[in-house]
Amino acid sequence: MIEIIIGREAGVEKSRLALMAGDKTAYCGNPGSVPRSVSRKHCRLVIHEDSTLSVSDLTDNNFMYVNGSDCKSRGHITVNDKVELGPDRYCLELSTIVKAFAAQQTYHIASLKEVYDNYNKTKLDNQIRQGKLNALSALPGVLSMSSMVLAICLNNEGIRIVMIVLAAVFAVGVVIVRMKNSSNNPLKMKQLEDGYHDRYVCPNPSCRHFLGSMQYKDLLKNGACPYCKAKYVE
């Protein structure tokens with residue numbers, strides 16, 4: 001969790017937006033971009049570990065608006081929400097603020113391991129199932145060949161006929177299963193890929209890059225997002 005004090009830059013005539021978190025101070029905007037109606041310490045923005053944000057006004061004399069409504073505090077917001085300060089309604093660029101402190105933020109990524117493992121297990125299971133179906137497809141031919149050998153060895157045409165019938169029935173069953181699988185499997189694989197792309201992403205709300213190019217163990221080994229540099233722990 002990171003707490004950021006947000007206000008107007010002090011000690012200059014043309015102020016920028018000042019962001020203070022611990023011993024780190026960052027500035028946003030051009031000189032003179034922040035109106036004087038924004039106080040030196042106007043509000044507190046908290047970046048939580050679950051990627052949500054909360055914001056609270058620091059004094060009773062300030063004004064703060066969240067999505068157009070006047071309020072003193074609001075929790076469970078995201079970078080897509082609109083936060084404005086002072087009577088002039090200076091609008092905060094939440095994504096820029098969060099990104100400025102992303103390297104300080106630490107995210108627990110154990111949930112990404114479950115997403116990664118489930119995706120690869122499901123994909124491997126599908127490949128094994130396809131391999132078994134391919135192996136079964138060859139069985140009717142094996143039965144037909146075996147029937148001929150048995151018929152010759154035992155001099156019994158009835159055995160050959162029975163085995164040929166069994167091979168034909170088995171072949172029809174395999175065809176039905178393969179047709180059903182060929183209809184359902186592409187849809188299931190697309191749903192699997194779409195879900196993986198939606199869920200295997202950086203937990204930093206200002207990043208959310210797809211991490212599919214890296215295995216989970218590599219994410220943990222590197223200890224940071226390859227895009228926004230947010231810190232990762234399990």
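Structure values in brief
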| read-out | value |
| --- | --- |
| Relative counts (whole %) of C-alpha pair distances in segment 2-51, using bins that are 5 Å wide | 5, 23, 29, 21, 13, 5, 3, 0 |
| Charge sum, other residues only, whose C-beta stays under 14 Å from Phe101's C-beta, Lys/Arg counted +1 and Asp/Glu -1 | +1 |
| Selected from Ser39, Ile109, Thr59, residue furthest toward positive end of dipole (segment 1-118; charges at beta carbon) | Ser39 |
| Above-threshold pairs, the threshold being 22 Å between Cα atoms, out of Lys24/Lys113; Lys121/Lys217; Lys132/Lys188; Lys121/Lys190; Lys24/Lys231 | Lys24/Lys113 |
| Near-label residues of segment 23-45 by backbone N, under 13 Å of a point 7 Å along Cα→Cβ of Val66 | 44-45 |
| Distance (nanometres) between label positions extended 7 Å along Cα→Cβ at His108 and Lys217 | 2.4 |
| Amide H partners (placed H, <5 Å) of Val83, local residues excluded | Asn67, Leu92 |
| Vicinal HN-Hα couplings computed from phi for segment 62-73 (Karplus, 6.51 cos²θ - 1.76 cosθ + 1.60; Hz; Gly/Pro x) | 7, 10, 9, 10, 10, 6, x, 9, 5, 7, 9, 7 |
| Largest to smallest principal axis extent of the C-alpha atoms in segment 33-79, angstrom | 33, 20, 19 |
| Stretch gain in nm, segment Arg208-Ser56, where the contour uses 0.36 nm per residue and the Cα spacing is subtracted | 52.2 nm |
| Residue-count net charge about Ala21 - beta-carbon cut-off 12 Å; Lys, Arg +1, Asp, Glu -1 | 0 |
| Distance in nm between pseudo-label sites at Asp198 and Met1 (7 Å out along the Cβ direction from Cα) | 3.0 |
| Translational diffusion coefficient (Stokes-Einstein; Kirkwood radius from C-alpha pairs) of segment 1-123 at 10 °C, 1.306 mPa s, in µm²/s | 102 |
| Size of charge dipole - segment 52-123 - debye, nearest 20, with Cβ of Lys, Arg +1 and Asp, Glu -1, no other charges | 440 |
| Radius 12 Å from Cβ of Cys43, net charge of other residues (Lys, Arg +1; Asp, Glu -1) | +3 |
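No lab work stands behind these numbers, since they all come straight from the coordinates. Predicted, not measured: the structure shown is a model, and the values here were computed from it. All Cβ positions, even for glycine, are placed from backbone atoms using ideal geometry, and neighbour counts span all protein chains on display.
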